[in-house]
Amino acid sequence: MSSQIDHLLDETRRFPPSDDFAASAVAQPELYQRAGTDREAFWGEQSRDLLHWHKPFTRVLDWSTPPFAKWFDDGELNVAYNCLDRHVEAGNGDRVAILWEGEPGDSRRITYAELTDEVKRVANVLSGFGVGTGDRVAIYLPMIPEAVAAMLAVARLGAVHSVVFGGFSADSLRSRIDDAGAKVVITADGGYRKGRVSALKPAVDQALSDRGDGVQQTVEHVLVVKRGENEVDWTEGRDHWWHDAVPAASAEHEAQAFPAESPLFILYTSGTTGKPKGILHTSGGYLTQAAYTHKNVFDLKPETDVFWCTADIGWVTGHTYVTYGPLANGATQVLYEGTPDAPHPGRWWEIIEKYGVTIFYTAPTAIRSFMKIGRSVPRKFDLSSIRLLGSVGEPINPEAWMWYREVIGGGNAPIVDTWWQTETGAIMVSPLPGITATKPGSAQVPLPGITIDVVDESGEEVGNGNGGLLVITEPWPSMLRGIWGDPERYKETYWDKFEKQGYYFAGDGARLDEDGDLWLLGRVDDVMNVSGHRLSTAEIESSLVAHEATAEAAVVGAADETTGQAVVAFVIIKESYLSAHDAAGLATQLRQWVGEQIGAIARPRDVYIVGELPKTRSGKIMRRLLRDVAEGREVGDTTTLADTAVMSIISAQVK
Ligand code: WTA
């Protein structure tokens, strides 16, 4: 890591905004001043400006029982009304909300009026299923307009959605449905990925099947969108086709007002233990910061811009910058179903040309994989509509940043490198276009209204020129309100470490340069970041040891040129298994096993079968040493190992 940091800190290129951009930018420097003078009043102003409150709030923040914050809590609003009806009522019903592109090349344009109509019908269908305030609805869908409509319909009812990424396995889906106690699942027969239909309904059927473990089944209804046209099994009474139920439902539905702190969604994310955490977000504060950041960070001009965030709705980026931010702001956006390279490697650039995308938001891993293919592919398309680029999910290396700027941004579109997390709900750290002179590789500065610091283990500020741990020093509107069903774990995970100071611990290492700009250095815990997706070493280890062959397993995130980090597993096989089975092909079997248990994204890049694992005298696995092996480096200091010879054995076995 240290050579990487030195390299980063050699970065001296600066890209100040052009005068033209600065003059017409949405965010003006006064924003920092207003937020600096009175932070709470600032957020109150933002919320009133950006949202419609059915009942205005009189208090901005209640932080009387930290770490449980309440924002705008005596106000009432309806999140879906804010994303839909009010735009129609303001005369913008004909504005396109979604420019949808299916992977096979089919497409749909959906206006705000049409989307509002659809969401009202879906809300009526769901209330017919008995979904009411506070009930949980799981959503397991491909990137089709119905996914956005489903989220908004749930929100409209004051119910709580839990979107599960379509790439997750039946087991992962089941544990999320159970944890949240979902009443309804919204899914599809399948969706297009890499030129083929990838089925979804079978995973739902499997997740809802009787598992004989005594866990009470909570799901009463399954609403199924027909997309893949693949054959599906059907459970009469439980399953309903969307295309039957939704058009038949009434398009009359008045949005009711709900208290600002009503739960809006649960989104599961990997932590340092094997069990994913259900991150809970509520309504008023979340929507305020979603709209505020979407408008200011992306310089949104809703009348003329075409926004495209490539994230799947299964991740927080898809929640905040596909569904809630853009629609709250009345933006027009592209929604794309498939993979970047299907049916050809220029698919994304073709879409940008086709729809005249002006603001493009994606992840460094995608940028790096395009870099590898070469600039000749994007050069075949007209990308001149692009005027702003965004990056999210992991640190972007200066080389990828420069390539993004030159090849995709035509050498002049500002890049916003946005740092945030599922837990923060919305962007926290980012340059502001038109104001900040950008630096390749640095996320730079907290947004107006956000307070960030870098501290040492004891919570002391490290100061400019030094590295440490990233903390958030004051509550923010879109902060998580807890972990679903586990307030203790919420405190323990994020607040105990700096309890004395009352800081939120993000789990990221960071460095402040001499100008006070932030450089993110990756996770400091056992969370890996693979292609911008969070994976826990513990979760994959427990999946590996659940296989009959495995005695012990250790997983590390090893540096990978394209995906940032890659999952590398070291596995000890049981003697009893080896005496009865052929070990050939076992590594491949274990890779597949993890894919089936968790999802393809968790499948290890490499599985090494080894005789022993490096442990300290107290039995703790020394992942640092395994990472050295996985990254092909000389193995570091082994003096604290119980058996110092073990690393040379492992190195030999890996070769
Ligand atoms: C990492 C995704 C560096 C970080 C929105 C964080 C980043 C984790 C950046 C959250 C960035 C996200 N620069 N690192 N611009 N953005 N990260 O919850 O380690 O999927 O803690 O949220 O991604 O991942 P999550």
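The values are calculated or read from the model by the stated rules, or taken from the named source; none is laboratory data. Computed from a predicted structure; not experimentally measured. Virtual Cβ from ideal backbone geometry, glycine too; neighbours counted across all protein chains shown. To get the accessible areas, we keep the full protein, side chains included, count just its heavy atoms, and leave off ligands, DNA and RNA. Shrake-Rupley method; radii C 1.70, N 1.55, O 1.52, S 1.80 Å.
Just a few scattered comments:
- Test for GLU460: is it over 18 Å from the mean Cα position of the chain (by Cα), open to solvent by 40 Å² or more (accessible area, probe 1.4 Å) and closer than 22 Å to ASP73 by Cβ: no
- Count of the range 279-312 residues, restricted to those that are of a type in the set (Val, Ile, Thr), away from the ligand (no atom under 13 Å from the Cβ) and crowded, with 24+ Cβ neighbours inside 10 Å, is 2.
- Top-ranked residue of the range 422-439 - restricted to ones that are open to solvent by less than 10 Å² (accessible area, probe 1.4 Å) and more than 22 Å from THR358 (Cβ to Cβ), ranked as farthest from the ligand (Cβ to nearest atom): LYS439
- Given (1) open to solvent by less than 10 Å² (accessible area, probe 1.4 Å); (2) of a type in the set (A, V, I, L, M, F, W, C); (3) not in a loop (DSSP other than H, G, I, E, B), number of the condition LEU469 does not satisfy: (1)
- Some residue of the range 517-529 being at pLDDT 95 or above and touching a Lys or Arg at 6+ places or on another chain (Cβ under 7 Å): yes
- Of all residue pairs spaced 6 or more apart or on separate chains, those with beta-carbon atoms under 7 Å, a first member in the range 442-457 that is free of Cβ contacts under 8 Å to residues at least 40 places away in the same chain and a second member that is surrounded by fewer than 22 Cβ atoms within 10 Å (Cβ to Cβ) and in a loop (DSSP other than H, G, I, E, B) are ASP456/VAL462.
- Residues of the range 620-654 that are crowded, with 16+ Cβ neighbours inside 10 Å and under 31 Å from the mean Cα position of the chain (by Cα): ILE621, MET622, ARG623, LEU625, LEU626, ARG627, ASP628, VAL629, ALA630.
- Scanning the range 411-419 for any residue that is within 15 Å of the ligand (Cβ to nearest atom), of a type in the set (Val, Ile, Thr), under 20 Å from THR323 (Cβ atoms) and touching a residue at least 24 places away in the same chain (Cβ under 8 Å) turns up at least one such residue.
- Note on the range 564-604: among residues that are in a helix (DSSP H, G or I) and within 16 Å of ASN529 (Cβ to Cβ), the one that is most open to solvent (accessible area, probe 1.4 Å) is ILE601.
- The criterion of at least 2 residues that are touching a residue at least 24 places away in the same chain (Cβ under 8 Å) and more than 27 Å from LEU327 (Cβ to Cβ) is met by the following helices (runs of 4 or more DSSP H) wholly inside the range 128-234: 170-180, 201-208.
- Test result for LYS491, open to solvent by 30 Å² or more (accessible area, probe 1.4 Å), more than 20 Å from the chain's Cα centre (by Cα) and within 15 Å of the ligand (Cβ to nearest atom): no
- Strands (runs of 3 or more DSSP E) wholly inside the range 1-116 that include at least 2 residues being of a type in the set (D, E, K, R): 107-111
- Criterion (more than 16 Å from the ligand (Cβ to nearest atom) and more than 30 Å from LEU280 (Cα to Cα)) met by exactly one of GLU406, GLU457: GLU406
Yes/no matrix, rows are residues, columns are (1) out of contact with any Lys or Arg (no Cβ under 7 Å at 6 or more places or on another chain); (2) among the hydrophobic types (A, V, I, L, M, F, W, C); (3) under 18 Å from HIS294 (Cβ atoms):
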position: PHE15; (1), (2), (3): yes, yes, no
position: GLU40; (1), (2), (3): yes, no, no
position: ASP49; (1), (2), (3): yes, no, yes
position: TRP71; (1), (2), (3): yes, yes, yes
position: GLU76; (1), (2), (3): no, no, no
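- Which numbered condition GLY502 fails, given (1) at positive phi; (2) within 16 Å of the ligand (Cβ to nearest atom): (2)
- Some residue of the range 579-589 being free of Cβ contacts under 8 Å to residues at least 24 places away in the same chain and under 27 Å from the mean Cα position of the chain (by Cα): no
Residues checked against (1) within 17 Å of ASP526 (Cβ to Cβ); (2) assigned to a loop (DSSP other than H, G, I, E, B):
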site: GLU612; (1), (2): no, yes
site: ARG624; (1), (2): yes, no
site: GLY632; (1), (2): no, yes
site: VAL635; (1), (2): no, yes
site: THR638; (1), (2): no, yes
site: THR644; (1), (2): no, yes
site: SER648; (1), (2): no, no
site: SER651; (1), (2): no, no
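- Consider the range 522-557 and keep the residues that are surrounded by fewer than 20 Cβ atoms within 10 Å (Cβ to Cβ) and aliphatic (A, V, I, L, M). The one that is farthest from the ligand (Cβ to nearest atom) is ALA551.
- Taking the numbered list (1) away from the ligand (no atom under 16 Å from the Cβ); (2) at positive phi in turn, ARG387 passes all entries but (2).
- Residue under evaluation LEU389, criteria (1) of a type in the set (A, V, I, L, M); (2) under 17 Å from SER442 (Cβ atoms); (3) open to solvent by 10 Å² or more (accessible area, probe 1.4 Å); (4) out of contact with any Cys (no Cβ under 9 Å at 6 or more places or on another chain), criterion not met: (3)
- Within the range 57-72, residues that are closer than 15 Å to GLN501 by Cα and open to solvent by less than 80 Å² (accessible area, probe 1.4 Å) sit with their Cβ atoms under 9 Å from residues that are small (Gly, Ala, Ser) and outside any loop (DSSP other than H, G, I, E, B), at 6+ positions apart or across chains, in these pairs: TRP63/ALA69; PRO67/GLY482.
- Residue within the range 372-382 that is closer than 30 Å to ASP74 by Cα, more than 16 Å from the ligand (Cβ to nearest atom) and of a type in the set (Lys, Arg) present: no
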